[in-house]
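Participant: The structure under discussion is supplied below as C-alpha cells; questions concerning it will follow.
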C-alpha cells in the first residue's frame with residue numbers, strides 16, 4: 001500500500017517517534033476480522049457452541065464477540081445468530097451502554113453493526129430508532145435489523161435534521177458514528193485510500209458538525225451522546241469534541257468499558273482541554289483492529305419535547321380481518337411489548353412506545369407478522385427471525401436437517417412427512433423461516449432476495 005504524500009507528512013509531524021510503527025502497521029499489518037453472536041436468539045448458547053467456529057478468541061471491545069470470520073452464506077449468519085463486524089467498530093455501541101427500556105437513536109446506522117449491538121443491549125425493551133440517509137444503505141440496514149430478530153426497532157430514511165421535528169428532546173442515548181475520511185480503514189478498504197485528499201478531513205468535519213447540530217436537539221436532559229469516527233484525523237475527532245464542548249452544555253466522561261486495550265484521546269490535537277484524554281483512540285500499531293475514535297458525552301441542556309402531531313384517523317380492521325389476525329396471533333405469537341397495526345395488506349407488530357411518525361419515511365416499524373391474502377394471513381420471514389426462547393414453544397415447528405436447509409435457501413421444495421400447513425422450519429433449535437407443509441411436501445417461502453444455491457465454500461463454513 002502506498003500512502004498519499006500529504007497523509008504521510010501529516011502523521012509524521014503529529015506522531016513523531018510513533019510514526020514509523022504507525023506507517024508499518026498501516027501498510028504491512030494484517031487486517032483483523034471479527035464477529036458478534038446474538039443472545040436474542042432461541043437456544044443461543046447451545047447453537048453457537050455447536051455451529052460457530054471452533055477455537056474462539058474473544059474480541060477485546062465487546063461482549064459476545066470474537067476474532068475471526070464467519071461467511072455470509074452460513075447457517076448462523078442467514079438465521080441472524082452472528083454478525084460480521086470489524087473489531088474496533090464494536091467499541092462504539094459498547095461505549096453507549098444502553099439499558100433496557102431506554103429510547104435510543106443510531107443516527108448514521110447503515111449497514112447495521114452498531115444497531116444490532118444496541119438492540120442486544122436493550123433486550124427487546126424500550127425503543128431503537130435506526131436511521132440512514134441513503135435509501136440503498138437504509139434497505140440493507142433494515143434487512144440486517146430483520147435478520148437479527150429485533151422487535152423494538154424502527155428504521156427510518158432521512159437526513160438527520162429532518163428527524164428533529166418528530167424527536168426533539170426524545171432520546172436517552174444517541175450514537176453518531178459519523179461519515180468520515182475513513183483513514184482508519186485504509187488497509188481494508190482501497191476505495192477509502194484512493195478517495196482521500198489533503199482537504200478531505202476538513203470537508204468531513206463540516207458535515208459532522210451539521211449532523212451533531214441535529215443530534216443535540218433530540219437529546220433529553222442528562223442524555224448520552226456517543227460520537228465516533230473510523231479516522232485518525234484530529235480535525236474530525238479531538239477538534240470536533242472541542243467544538244461540541246464549547247457550543248453546547250456537554251461534559252465528556254470516561255468510557256468505563258474501555259480501560260484496557262485502548263489509547264487515550266490527544267488534548268494537544270484539540271484545544272488543549274485535558275478532558276479530551278477521556279476519549280478513546282484505537283491505533284493499528286498500538287491496539288487490535290483498525291483505526292477508531294470514540295467519545296462519550298452527557299447533555300446538561302434542555303430541549304423542547306416534540307409534541308405529537310394530529311394523527312390521521314386510523315383505518316379500523318374489518319370484522320373479517322380482525323378474526324384472521326386473532327387466529328393468526330394465537331398460532332404465531334407476536335413479540336412482546338408490541339401492538340398490532342395494519343398497513344395496507346401487511347400486519348405489523350409495532351413497538352408500544354413508538355412516537356408519532358407523521359411525515360417520517362419508515363422502512364421498518366417493529367416486526368412484520370404477515371400479509372393478508374384471500375381469507376388467510378401468510379406469515380412473514382421477519383416473524384420467523386423475531387422468534388425468541390419465550391415464544392418458540394408456541395409455534396408449530398418442523399425440524400429439518402442441514403441438507404434440507406440448503407434446498408430451502410436455494411428456493412427449492414423438499415419432502416418431509418406430514419400435512420401441517422404453515423410451519424416454522426428449524427435446523428436443530430435455529431429458526432430459519434416459514435414453509436407450507438402439504439402432504440409431505442414443504443413449499444418454499446424463503447425470501448427471493450436472500451436465496452443462493454450451493455453449499456458455502458470452505459472459507460465460509462462455521
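Coordinate-derived values only; no laboratory data. What you see is a predicted model, and the numbers here were worked out from it, not measured in a lab. FYI the Cβ positions are ideal-geometry reconstructions off the backbone, even for glycines, and counts take in every protein chain you see.
Participant: Can you sort 231, 304 so the residue with the fewest Cβ neighbours within 10 Å comes first?
Facilitator: With the fewest neighbours first, 231, 304 line up as 304, 231.
Participant: I've got another one for you. Compute the acute angle (0 to 90°) between the alpha-carbon long axis of helix 5-15 and the principal axis of greatest extent of the alpha-carbon atoms of the chain; round to the nearest 10°.
Facilitator: 70
Participant: How would you classify the stretch 128-230 from its alpha-carbon gyration tensor, with a ≥ b ≥ c the square roots of the eigenvalues: rounded for a/c under 1.5, else prolate if a/b is greater than b/c, otherwise oblate? It would help to have the intermediate numbers written out before the result.
Facilitator: Values: a/c = 2.14, a/b = 1.34, b/c = 1.60.
Oblate, because a/c is 1.5 or more while a/b does not exceed b/c.
Participant: Can you classify the chain as rounded, prolate or oblate using the Cα gyration tensor, where a ≥ b ≥ c are the square roots of its eigenvalues, rounded means a/c under 1.5, and otherwise it's prolate if a/b beats b/c and oblate if not? Present the calculation step by step, with values, prior to reporting the outcome.
Facilitator: Values: a/c = 2.41, a/b = 1.47, b/c = 1.64.
Oblate, since a/c reaches 1.5 and b/c is not below a/b.
Participant: How far apart, in nm, are two points set 7 Å out from the Cα along the Cα-to-Cβ line at residue 271 and at residue 339?
Facilitator: 4.5
Participant: Rounded to the nearest 10 degrees, what's the angle between the helix 19-28 long axis and the longest principal axis of the chain, both from Cα atoms, 0 to 90?
Facilitator: Taking the Cα atoms of the chain, the angle to 19-28 is about 30 degrees.
Participant: Please tell me the relative contact order of the chain in percent, rounded to the nearest whole number, where contacts are Cα pairs under 8 Å and at least six residues apart. Can you show the working numbers first?
Facilitator: Details: 1006 pairs, mean separation 72.8, N = 462.
After rounding, I find 16 percent.
Participant: Separation of the stretch 369-432 and the stretch 125-162 by C-alpha centroid, Å?
Facilitator: The distance from the Cα centre of the stretch 369-432 to that of the stretch 125-162 comes to 25 Å.
Participant: Under the rule of -39500 (n - 2.57) per DSSP H run of 4 or more residues, summed and divided by the residues of the chain, what mean residue ellipticity at 222 nm is obtained, to the nearest 500 deg cm²/dmol?
Facilitator: On the way: 14 runs with 132 residues, N = 462.
Here the helix-only value at 222 nm equals -8000 deg cm²/dmol.
Participant: If one takes the longest principal axis of the Cα atoms in the chain, at what angle in degrees, from 0 to 90 and to the nearest 10, does the Cα axis of helix 135-148 lie?
Facilitator: Roughly 60 degrees, rounded to the nearest 10.
Participant: Please report 360, 240 as a ranked list, fewest other C-beta atoms within 10 angstrom at the top and most at the bottom.
Facilitator: Ascending Cβ contact count within 10 Å gives the list 360, 240.
Participant: Next up: Over the stretch 309-394, what is the relative contact order in whole percent, taking alpha-carbon pairs under 8 Å and six or more residues apart?
Facilitator: 27
Participant: Test of understanding: ordering 378, 290, 86 by Cβ neighbours within 10 Å, fewest first, what list do you get?
Facilitator: Values: 378 16, 290 26, 86 22.
If I rank by nearby Cβ atoms, fewest first, I get 378, 86, 290.
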